[in-house]
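What follows is one structure encoded as structure tokens, with my remarks underneath.
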Amino acid sequence: MNRKMIAVLLAITVFATIAKSAQKSPRFKALVLTERGGNHEGFVAAALEWLNTFAQKNNFEIRVVNDAKDFDETYLSNYQVFIQLNFPPYTWSEKSQAAFTKYIEEGRIGWVGFHHATLLGEFDGYPMWSWFSNFMGGIRFKTYIAERASGQVHVEDKKHPVMKGLPASFTIPDDEWYIFDKNPRPNVKVLANVDENSYNPPSNIKMGDHPVIWSNEKMKARNVYFLMGHHANLLKSEEFKMMFGNAILWAAGK
């Protein structure tokens with residue numbers, strides 16, 4: 001074997017070693033706060049299964065936790081994205097609330113929230129977290145539309161990274177559509193709404209203008225909230241999975 005061939009083989013080996021090393025280092029780390037058991041267990045289990053596969057394909061690391069009591073600034077500093085996978089805005093400790101608030105207001109962590117994250121009010125003996133209500137547009141949970149209903153979602157901001165690749169409208173299956181005491185639209189950037197006349201089965205409970213995906217651009221952190229997140233059938237929706245993936249990568253700044 002001549003020197004030229006040795007040099008070529010050495011270069012290939014070095015390149016392969018570097019590539020393998022780079023593969024082992026995650027692009028970012030995501031903290032996933034989940035709510036296990038109850039009505040949302042099916043959705044959460046299906047979402048975690050999808051999330052594990054998506055994380056492997058996109059080379060990022062996830063850590064799944066089931067309560068919000070131990071978060072502080074040091075704890076959150078390990079992560080670039082916070083995924084609130086159906087966990088409500090109560091049962092948090094004061095320490096956790098303070099750390100989360102600071103990280104969102106200062107833009108130190110991205111946030112992706114689903115469904116139960118807007119269960120805002122007095123529940124299970126806990127007071128409403130006023131800061132989180134303002135984060136979500138100054139709203140309070142009022143009721144919900146149908147136990148499970150499919151609905152037609154219309155994209156309002158096609159240029160937003162979370163909506164990348166989505167059609168102008170699509171159907172979200174088997175969800176539980178929340179109604180709030182007021183519309184969050186004046187206080188947030190609405191990315192999509194649901195047509196209440198498209199509910200199947202139909203419902204007489206109406207909100208009128210009904211945002212279902214939005215971002216609070218007053219916060220320095222990249223953030224997006226999805227009203228949907230009730231049933232495992234959501235993970236059969238290509239549009240839902242596309243939005244979910246877009247949101248994570250955007251929130252991480254990737």
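The values are calculated or read from the model by the stated rules, or taken from the named source; none is laboratory data. None of the values given here were measured: they were computed from a predicted structure. For neighbour counting, all protein chains shown are included, and Cβ atoms are generated from backbone atoms with ideal geometry for every residue, glycine included.
In table form, for the structure just shown:
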{"read-out": "Which numbered condition VAL188 fails, given (1) aliphatic (A, V, I, L, M); (2) under 24 Å from ILE109 (Cβ atoms); (3) in contact with a helix residue (DSSP H, G or I) (Cβ under 8 Å, 6 or more places away or on another chain)", "value": "(3)"}
{"read-out": "Filter result for the condition that a residue is in contact with a His (Cβ under 8 Å, 6 or more places away or on another chain), among the β-branched types (Val, Ile, Thr) and over 25 Å from GLU122 (Cβ atoms), over VAL194, VAL162", "value": "VAL194"}
{"read-out": "Residue tally, condition within 14 Å of PHE82 (Cβ to Cβ), part of a helix (DSSP H, G or I) and of a type outside the set (A, V, I, L, M), over the stretch 236-254", "value": "1"}
{"read-out": "Matching residues in the stretch 43-75 - criterion: being polar (S, T, N, Q), over 21 Å from ASN246 (Cβ atoms) and not in a helix (DSSP H, G or I)", "value": "ASN66"}
{"read-out": "Candidates ARG140, ARG148 - the one that is in contact (Cβ under 8 Å) with a residue 24 or more places away in the chain, charged (D, E, K, R) and farther than 22 Å from ALA47 by Cα", "value": "ARG140"}
{"read-out": "Residue in the stretch 120-176 that is modelled with the highest pLDDT, counting only those that are in a strand (DSSP E or B), among the aromatic types (Phe, Trp, Tyr) and in contact with a Ser or Thr (Cβ under 7 Å, 6 or more places away or on another chain)", "value": "PHE141"}
